[in-house]
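Beneath this line is the structure, given in structure tokens, with notes to follow.
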Amino acid sequence: MSYVIHGASGAQGGPLYQRLLASGKEAVAAVRDPAGFAGKPAVALDNGSVASLVAAYRDADGVFVHLPQVGEPGRVQHATNIAEAIKLAKPKRVVISTNGAVVDQPGTALQAAAESAIIVLLDGVKASGVSHAVIAPRLYLENLLLPMVIQPAMAEGVLRYPLQAGFPVSWCSHLDVADVAERLLQDMSVTGVVGVGQLPGLKGADLAAGFAEHLGRTVGFETVTPQAFGKSIEPIVGPAAAAGVADFYQALLQASANVIAEGTSAQRLLGITPRSVRQWLAESLT
């Protein structure tokens, strides 16, 4: 059984790719340059070419898709191409990660716009008739490993993040997404949206408590403004991407929570519980 994994060299697809290989599955990294995979299974793929995508997807038992972090016009084009290729190639199963975009709360401020790339992709795949499931995480714990977040937590005992202290979030890790994606690629009985993240949502004090347990020291939570956070990550992601991040967290200030629905959660549908903050830190900081 062959599984084509978008982003196998990155944080999204990498954990899933490694997990599938470790369990003896035939996983293929879908990347621009297979030469960088040092002999591991890989196929050249260009999101800008429908023909390239069709060649990679044809005869696949499953495809894991997430959209790369490029400008939104480029993302929309990639989404359109990927959906068209899925319609033409007809892989047996498609699993899509929304990468934090909210797709299951229509009519709310958090819901992705109808013209956004992720909705274009989901609508296109649905129209293809191919069996699919949608992994819907909210915020990634890996965000807390950014230097301006993890370093003060370790050195000063202060976890600074651009969320209000009482704002609940269904945090999860890329490792949790890989767990769910592996199951969904093989279990075609589950379709539609599957939320991944903590229930109930974790607040600032809960995050700080997880860090305190792991670090063995007192850790408190402190809110920073979205603008200040965006400025701090500019050297890492660049001004344009940093501005987009600041806008995202500014939008969260208008919401009461960023929490997955219990009825469509991985806990309910698959019996998979995400890692606690302490468990995730133990795996990530070893």
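When residue 203 is tested against (1) crowded, with 18+ Cβ neighbours inside 10 Å; (2) within 30 Å of residue 27 (Cα to Cα), just one condition goes unmet, and that condition is (2). Of all residues in the range 250-266, those satisfying the criterion of being at pLDDT 95 or above, surrounded by 18 or more Cβ atoms within 10 Å (Cβ to Cβ) and not in a loop (DSSP other than H, G, I, E, B) are 258, 265, 266. It is to be established whether one or more residues within the range 210-222 are touching a residue at least 60 places away in the same chain (Cβ under 8 Å) and closer than 24 Å to residue 96 by Cβ. No - not one qualifying residue is present in the range 210-222. Scanning the range 142-180 for residues that are of a type outside the set (S, T, N, Q) and part of a loop (DSSP other than H, G, I, E, B) yields 146, 156, 157, 162, 163, 165, 166, 167, 168.
Does residue 8 fit the bill of being within 19 Å of the chain's Cα centre (by Cα) and part of a loop (DSSP other than H, G, I, E, B)? Yes. When residue 183 is tested against (1) under 25 Å from residue 6 (Cα atoms); (2) basic (Lys, Arg); (3) assigned to a loop (DSSP other than H, G, I, E, B), just one condition goes unmet, and that condition is (3). The set of residues from the range 47-102 being of a type in the set (Val, Ile, Thr), assigned to a helix (DSSP H, G or I) and either surrounded by fewer than 17 Cβ atoms within 10 Å (Cβ to Cβ) or on the phi > 0 side of the Ramachandran plot (or both) comprises just one member, 80.
The values are calculated or read from the model by the stated rules, or taken from the named source; none is laboratory data. The structure presented is a predicted model; accordingly, all values stated were derived computationally and were not measured. Every residue, glycine as well, gets a Cβ built from its backbone with ideal geometry; the counts of neighbours run over all protein chains shown.
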